[in-house]
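Since the structure comes first, as C-alpha cells, the remarks are kept for the end.
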Amino acid sequence: VSKCVVRSNFLGAVVPIFYLYCVNSLILTDMNKVLYLIFTCLLLCAGTHLAAQTFDYNRVIGHPRLLMKQGEEQKIRESLKDNPEMQRVYKQIAGEADRLLVCPTLTYKKEGRRLLAVSREALKRIFDLSFVYRMTGEDKYRLRAEQEMVSVCSFGDWNPSHFLDVGEMTMAVAIGYDWLFDKLSPETKRLVRESILQKGFAPSNDEQYNWFLKAENNWNQVCNTGLVYGALALLDSDAKEAAAVIERAMSSVPLSMQVYAPDGNYPEGYNYWGYGTSFNVMLIAALESALGSDGGLSAAEGFMPSARFMQYMAGTTGLAFNFSDARETTQSFPAMFWYASKLNDPSLLWNEKIFLTREDTHFTAEEERFLPIILIYGSRFDMKEVTPPASKIWTGHGKVPVALIRTGWRKGEGFYAGIKGGTASANHAHMDAGSFVFEALGVRWAQDLGMQEYYSLEKEGVRLWNGDQDGQRWDVFRYNNFVHNTLTVNGEKHQVKGTVPILATYTKDARLGASLDMTSLFGGNLKKATREVVLVKEQYLQVTDQVQAAGKPASVRWTMVTSAIPKQIDSHTMELTKEGKKLHVIIDSPSATAFSVVDNIPSHSYDAPNPGSVRIVFDADVKAGRKETLKVRLVPVME
C-alpha cells in the first residue's frame, strides 16, 4: 500500500472487522484465539508505524526549496524580454525593494487585537527583497531582507491569540531563511530557526490558540500554510518537529478544502477566495517544489475548477460580484498563474492580462505580498497567446451556489449577471440569498453594497461575529436583507439557517440564468417562494418571483440597490441613468403595485455611509394561501 495513503484509520477499520469475522466463524480453538490476539496487536503496531507520514522526507531538496529552485531565475529573466505584463510586475517588485532600502524596519504594533498588518508587511518585504536579490545578485537586497527577519524575529511573540498573524509571519521568515540560506549569518539563522520553533510551532500546539486546525474556513488554510513553510524551511535542522507540523496540516487542510466541492464556488466570496485560496495554492506549490508531491491536496473536489469560478466573478465593468464580506473592486490574483500553469490553460489568465495592462492598475496590499508568484508561474506563458473563455455561463452548487453569466470579455462588452443562493449561516455571509447584480452597456445597474470594514464596527463595540438569528451582525445596515437585491416578507429578516439551492440552470443563448428555491428564508410567512433570473436573448434581464402565502396574508417587498439616478416614468417604469447610459426597470406584474425610491442612509452611528446609492422597491400584498407572480425586466436603452 502506498505510503501516501496509508493512515491509522485504515487498519483501525480493517482489524475489528477481521476480528469479528473470526470470532463469529466458531472455528477458532483456544490456541487460535491466542495467536489471533497476538496477530492483532502486531497489526496495530504496524499501523502506528505505517501511518507516520505522507511524504518521504528523505527526498527533500536543498535550499532554496520553496517555490523557486536554484537556477529557475533564468527562465524568469528570459520571459521578461517579450512579456510587457511580466515586466510591469517585476518593475513593481523591484521598485518596492528599492524603496524598502531606506525604510525603518518593522516594529511590533497591534491594531485592536491584530498584529496582522505587520505580519503581512513582513511577508511582502521579505518576499520582494529576497526575490530581487535572487534575480540580480545584489547584496543590498539580501542584507535588507535579513534586517527585516532579525527585526520581526526579535518580537516577544507573533500574537498567537489571533493566529493568522503567526501564520503569515512564519511564512515570511521561512521564505527569507530558505531563499537566502547560504548567505545568512549564523546568528540570523539561529534566531530565525528558534523563532519558527518557539513563536510559530509551539503556540500551534496549544489548544487555546490552535482551533484553526478544525476550522473549515480560510483560517485553516492561512495558518497551516504559514506553519508548513516554516516546517519545510527547517526540515534539515529539525526534521522531527517539521514533519509533525506537515503531517498535521495534511490532516487539517482538507477540512477547509471541502468548501470548494462540488464545483469550485467558494462560499466566502470574492475577497476571501483570494485570501484562503492564495495560501492554499502557496501550500501546494511549496510541497511540490520541496518534496516533489502535494500529497493529493490539489485533487480535492472542486479545488482546481475554482479558478474558473473566480474568473466569472468579475464583470465586464471591472467590478466584482461582491456578495458576503467582499468589496466591489476587482484585483489581480497571483494564484491564477499557478492554476494556469498546473492546468496548462492560459485562458485562465484573461482577466489577469487585462488587469496587468490597464493604465489605472494599482496593486492592493493583498496582491502585493504575492507578486513574485506571478513571475514564477507566469514566466511559463507568452501573454500574447492568452485567449478568453468560451462559455457564457458558469454554475456552481454547494453551500453558496451561484450562476454567473458573462457574454463579453472585453471591458464594457456584452452583459454580466451574478445570481446567488446560499445561506446567512455561511462564514462571512450576509442575508443576501436570492440576490443578483447586473451589468449592461458597460454600467453596473443592480449592485451590492458589499462589506463594511471590520475594525470600524469592532471599535464601536458591535458584536459583528454574533450570527445568531437575533445577533447584532444582522443589525448592521449592509448585512441584512433589507438592502440587498432580494425579497423581504412582512418586514422581517431572513432566517439565518435558511438555505437557497439552485433548482435549475439555463444555458442556451435564448435563456441564460438560473432558478432558486427561496422558501426557507421566510419561516412560516410563505408556503413557497422561487426566483428565476435569466438573460433573455441577450437583450434584457428578467427576474420572476413566484410566491405563495401561508395561512395568513403576506407583504412581499422587492428590492434593487443601484448607484444610478432614478426617474419614475410611470408607476411601473423606473428609468435609471448612469455614465450617460439609460436602463428601464419595468414591473410586468402585479399590476396593483408601484415603484418607489428609498434612500440608503443608515440608522446606526456605527454604520458606514452609502453615498450615491438608493433602493428601487415595490410591495405586493398576497392574500392567505394565494399565489402571486412578481415579474420585473431590466432593459438597457439602446441609442
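What is the angle, in °, between the Cα long axis of helix 186-195 and the longest principal axis of the Cα atoms in the chain? Nearest 10 is fine, range 0 to 90.
Taking the Cα atoms of the chain, the angle to 186-195 is about 50 degrees.
If a/c stays under 1.5 just call it rounded; otherwise compare a/b with b/c (prolate if a/b is bigger, oblate if not). Do that for segment 551-639, with a ≥ b ≥ c from the square roots of the Cα gyration tensor eigenvalues.
Oblate, because a/c is 1.5 or more while a/b does not exceed b/c.
Using only the alpha-carbon atoms, how far is helix 218-233 inclined from the longest principal axis of the chain? Give it as 0 to 90 degrees, nearest 10.
Helix 218-233 and the main axis of the chain meet at about 20 degrees.
Run down the lysines and flag those whose C-alpha is under 22 Å from the C-alpha of LYS508, throwing out any fewer than 8 positions away in its chain.
Candidates past the 8-residue exclusion: LYS392, LYS420, LYS537, LYS631.
In whole Hz and in residue order, list the ³J(HN,Hα) couplings for segment 142-150 that follow from phi through the Karplus curve 6.51 cos²θ - 1.76 cosθ + 1.60, θ = phi - 60°; x for Gly and Pro.
So the J values, rounded to whole Hz, are 4, 5, 5, 4, 4, 4, 5, 5, 5.
So what is the relative contact order for segment 431-572, in percent, with contacts set as C-alpha pairs under 8 Å and at least six apart?
Contact order relative to length: 23 percent.
Helix-only mean residue ellipticity at 222 nm, the chain, DSSP H runs n ≥ 4 weighted -39,500 (n - 2.57), per residue, nearest 500. What is it?
Calculated from helices alone, the mean residue ellipticity at 222 nm is -11000 deg cm²/dmol.
Over the chain, what is the relative contact order in whole percent, taking alpha-carbon pairs under 8 Å and six or more residues apart?
9
Under 30 Å from the Cα of LYS183, which lysines turn up, not counting those fewer than eight places away in the same chain?
By straight Cα distance, LYS183 reaches LYS69, LYS75, LYS81, LYS91, LYS109, LYS124, LYS140, LYS199, LYS240.
Ignoring any ligand, DNA or RNA, what whole percent of the accessible area of the chain comes from carbon and sulfur when the probe is 1.4 angstrom?
Roughly 54 percent of what the probe reaches on the chain is carbon or sulfur.
What whole-number volume per residue, in cubic angstrom, does the convex hull of the C-alpha atoms of the chain give?
Measuring per residue, one finds 190 Å³ for the Cα hull of the chain.
Note down the net charge around LEU319, summing +1 for each Lys or Arg and -1 for each Asp or Glu among other residues with Cβ under 10 Å from its Cβ.
-1
Tell me the per residue accessible area of the chain using a 1.4 Å probe; a whole number in Å² is fine.
Accessible surface, normalised per residue, equals 40 Å².
For a quick protection proxy, order the peptides 618-625, 284-291 by their average other-Cβ count within 10 Å, most packed first.
The peptides rank, most packed first, as 284-291, 618-625.
When only Cα pairs under 8 Å and 6 or more residues apart are kept, what is the percent relative contact order across segment 262-411?
30
The values are calculated or read from the model by the stated rules, or taken from the named source; none is laboratory data. Predicted, not measured: the structure shown is a model, and the values here were computed from it. Note: ideal-geometry Cβ built from the backbone for every residue, glycine included; neighbour counts use all protein chains shown. Only protein heavy atoms, including side chains, enter the accessible area calculation; ligands, DNA and RNA are left aside. Shrake-Rupley method; radii C 1.70, N 1.55, O 1.52, S 1.80 Å.
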